[in-house]
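Peer 1: Got a structure for you, questions after.
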Amino acid sequence: MTEDMAGGDTKKSKANASGGGKKKEVKKETGLGITNRKDDNFGEWYSEVVVNAELIEYYDISGCYILRPWAMSIWEIMQTFFDAEIKKMNIQNCYFPLFVSPGVLQKEKDHVEGFAPEVAWVTKSGESDLEVPIAIRPTSETVMYPYYSKWIRGHRDLPLKLNQWCNVVRWEFSNPTPFIRSREFLWQEGHTAFATKAEADAEVLDVLELYRRIYEEFLAIPVVKGKKSELEKFAGGLYTTSVEAFIPNNGRGIQGATSHCLGQNFAKMFEINFEDEKGEKGMVWQNSWAYSTRTIGVMVMVHGDDKGLVLPPKVASVQVIVIPVPYKDADTKGIFDACSATVDALSEAGIRAKADFRDNYSPGWKYSNWEMKGVPLRIEIGPKDLANNQVRAVRRDNSSKIDIPRASLVEQVKEMLDKIQQSLFDVAKQKRDACVQTVKTWDEFVEALGQRKLILAPWCDEEEVEKDVKARTKGEMGAAKSLCSPFDQPELPEGTKCFASGKPAKKWTYWGRSY
Ligand code: 87F
């Protein structure tokens, strides 16, 4: 994001697109509105939106953020979905301690080595040094697997399928960004063990499909499912699959969630063995998988606009905000009662609706406030609406307005929310697809990278070649890397060459700069 933060060309006055001179004044007085524009100053715009929409409050430790109720409610909605789905798969929740003993952390030193600088340690209690410093989990393989070894004895103990919802700490040094790269974050981590590789392979994909659904069905964000390269996979595992999203505004790919097959690497290290039906010793096959609060950051980046946050209805804790618009001599009580009745009718139908009866703000201020917070649908009720037995509905995503007779309120609001959800996905997909560039040669690749594209290129799938691509694209904005090889592969004609090495290409792979 750094390149977007530089420059500092903030066109403040245009921030509220609707604003005439008068509006600007109001904005100044109340502090309402976003001053940075998404297209001009993406990094600043993002920071402003997450704070002004009341998702985040900055904290006095760099890289740590307060998740306010507005953010937590989004997390909880996704959590409710995912938790129910994994329970259908007979995965059980558990909770392991936050602290890791140094001995066990070192056990998998091969892959921990690269991560070591990010591990945070507790060295003191009060004034006295701890006899042995204790690490804070950056992920829980080393915390959990010694107990898998203890709990798994025979084939009847398999599969062992556990998940935990927890926080982890990774002391990142590069450019912290709320939700996207924070030093502490919330996630779920699933850790499963099977008797056979076939079972593990199947689960990797089942979980990846749940991650796709979180992004596409809940957050209305298109993702690519695929496999990571050898260089980009989790070094401790056998292979890594992921869902990859894309941020059109800065041309960066972003890993949305990962589902790893660990093979038997950890089983070897932690001696997770079992006796099979024939009485023979075997080693378990393991998976691990996670998605985190990063999901929320991707949602803000993809859907937000110059008025602030835009929430897909499926993850909005308030889907409909009802605002009374009383005039001086109007029947104020009648209007307020109509608002309450509207909220009641919608709530009864399972729609998350709320009325804003605050008497210290004008209707106009409330409109901006709930737009900033991204509520998908606003219902206004004024004297004319009361007289006509209707309400006025205004969509957050495209500002379109329609009058709805109160007789068909529930039906039409439901329909509108569905339309908003679908339209957010369609628009996001259109924008993403417009950024996809297929290239065949190095020159085309470099040009597309300069245009911040999501690049699809034929590749020889050699680690050395990916290292070379990284080296050759190194610069201020960060190097390009492979994002994933999509499961859904376009046809690769016989004789196609690798864009980077000129060797025979083995597969199509997405490339780009990424978070
Ligand atoms: C940072 C410090 C120490 C990532 C780290 O993706 C260790 C690690 O192992 C580390 N950052 N990783 C990889 C995490 C792999 C895996 N863990 C379970 C997942 C899914 C959930």
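The values are calculated or read from the model by the stated rules, or taken from the named source; none is laboratory data. Quantities reported herein were computed from a predicted structural model and do not represent experimental measurements. Every residue, glycine among them, receives a Cβ derived from its backbone with ideal geometry; neighbour counts consider all protein chains shown. These area figures cover heavy atoms from the full protein model, side chains too; ligands, DNA and RNA do not enter into them. Shrake-Rupley method; radii C 1.70, N 1.55, O 1.52, S 1.80 Å.
Peer 1: Measure off, as a whole percent, the carbon and sulfur share of the 1.4 Å-probe accessible area of the chain, all protein chains present.
Peer 2: 50
Peer 1: Give the angle, between 0 and 90 degrees and rounded to the nearest 10, that separates the Cα long axis of helix 294-303 from the longest principal axis of the Cα atoms of the chain.
Peer 2: Helix 294-303 sits roughly 40 degrees off the main axis of the chain.
Peer 1: Once the whole set of protein chains is in place, how much accessible area is left on GLU76, using a 1.4 Å probe, in Å² to the nearest 10?
Peer 2: The accessible area comes out at roughly 100 Å².
Peer 1: Could I ask something else about it? If you take every DSSP beta bridge whose two residues both sit in the stretch 428-515, what share of them, in percent to the nearest 5, is antiparallel?
Peer 2: 75
Peer 1: ³J(HN,Hα) across the stretch 157-167 via Karplus (A = 6.51, B = -1.76, C = 1.60, θ = phi - 60°), whole Hz, x for Gly/Pro?
Peer 2: Using θ = phi - 60°, the values come out as 7, 10, x, 10, 10, 10, 9, 9, 9, 7, 9 Hz.
Peer 1: Here's another thing I want to ask about it. When you count, for each residue, the other Cβ atoms within 10 Å and take the mean per peptide, how do 110-118, 96-104 rank with the highest first?
Peer 2: Highest to lowest by the protection proxy: 96-104, 110-118.
Peer 1: Need the full-extension length gain, HIS155 to LYS197, defined as separation in residues times 0.36 nm minus the C-alpha distance. One decimal, nm.
Peer 2: 13.7 nm
Peer 1: When you count, for each residue, the other Cβ atoms within 10 Å and take the mean per peptide, how do 486-493, 48-55, 458-465, 331-338 rank with the highest first?
Peer 2: Result, highest mean first: 48-55, 458-465, 331-338, 486-493.
Peer 1: Here is a follow-up. Going toward the positive end of the dipole of the chain, with +1 on Lys and Arg Cβ and -1 on Asp and Glu Cβ, which of GLN489, PRO69, TYR147 do you reach last?
Peer 2: Comparing the listed Cα positions along the dipole, PRO69 ranks first.
Peer 1: Per the chain: cysteines with no other Cys C-beta under 4.7 angstrom?
Peer 2: Within the chain, the cysteines lacking a partner Cβ under 4.7 Å are CYS64, CYS94, CYS166, CYS261, CYS339, CYS435, CYS484.
Peer 1: Using the Cα gyration tensor of the stretch 365-423, with a ≥ b ≥ c the square roots of its eigenvalues, what is the shape: rounded (a/c below 1.5), prolate (a/b larger than b/c) or oblate (neither)?
Peer 2: oblate
Peer 1: Within a Cβ distance under 14 Å of ALA330, other residues only, what is the Lys/Arg minus Asp/Glu net charge?
Peer 2: After counting each charged neighbour, the total is -2.
Peer 1: Students often get this wrong, so check it: of LYS333/LYS366; LYS307/LYS481; LYS225/LYS354; LYS470/LYS506; LYS107/LYS470; LYS233/LYS506, which have C-alpha atoms separated by over 25 Å?
Peer 2: In this structure, LYS307/LYS481; LYS225/LYS354; LYS107/LYS470 exceed 25 Å between Cα atoms.
Peer 1: Within the chain, what percent of beta bridges assigned by DSSP are antiparallel, to the nearest 5?
Peer 2: Within the chain, antiparallel bridges account for around 80 percent of the total.
Peer 1: Taking θ = phi - 60°, what integer Hz values does the Karplus form 6.51 cos²θ - 1.76 cosθ + 1.60 yield along the stretch 209-216, in sequence order, with x for Gly and Pro?
Peer 2: For the stretch 209-216, the Karplus-derived couplings read 5, 5, 5, 4, 5, 4, 5, 7 Hz, x marking Gly and Pro.
Peer 1: Nearest 5 percent is fine: what portion of the DSSP beta bridges confined to the stretch 302-405 is antiparallel?
Peer 2: Looking only at bridges with both residues in the stretch 302-405, the antiparallel portion is about 55 percent.
Peer 1: Right, next: What net charge do the residues around PHE218 carry, taking every other residue with its C-beta under 11 Å from that of PHE218, with Lys and Arg at +1 and Asp and Glu at -1?
Peer 2: +1
Peer 1: Going highest first, how would you order 288-299, 261-272 by mean Cβ packing within 10 Å?
Peer 2: Taking the mean over residues of other Cβ atoms within 10 Å, the ranking is 288-299, 261-272.
Peer 1: Let me ask you something else. For the stretch 375-382, what does the Karplus curve 6.51 cos²θ - 1.76 cosθ + 1.60, with θ = phi - 60°, yield as ³J(HN,Hα) per residue in whole Hz, taken in order and with x for Gly and Pro?
Peer 2: So the Karplus estimates, Gly and Pro as x, are 4, x, 9, 10, 10, 10, 10, x Hz.
Peer 1: Here is a further query. Cα extents of the stretch 420-515 along the three principal axes, largest first, in whole Å?
Peer 2: That gives 46, 36, 20 Å along the principal axes, largest extent first.
Peer 1: Lysines within cross-link reach of LYS161: Cα-Cα under 18 Å, excluding same-chain residues under 8 positions apart?
Peer 2: Qualifying lysines at Cα under 18 Å: LYS87, LYS88, LYS150, LYS197.
Peer 1: Working out 0.36 nm times the residue gap between ASP276 and THR332, then minus their Cα-Cα distance, what length gain in nm do you get to one decimal?
Peer 2: Gain on stretching ASP276 to THR332: 12.6 nm.
Peer 1: Next question. Please report the relative contact order for the stretch 358-515, taking Cα pairs under 8 Å with a sequence separation of at least 6, and give it as a percent rounded to a whole number.
Peer 2: Contact order relative to length: 17 percent.
Peer 1: Tell me, what is the per residue accessible area of the chain in Å², probe radius 1.4 Å?
Peer 2: Counting only protein heavy atoms, the per-residue value for the chain is 46 Å².
Peer 1: Which whole-number percentage describes the relative contact order of the chain, with Cα contacts under 8 Å and a sequence gap of 6 or more?
Peer 2: 14
Peer 1: Quick one: P(r) of the chain from all Cα-Cα pairs, 20 Å bins, percents rounded to integers, in order of increasing distance.
Peer 2: Result returned by the calculation: 20, 48, 27, 5, 0.
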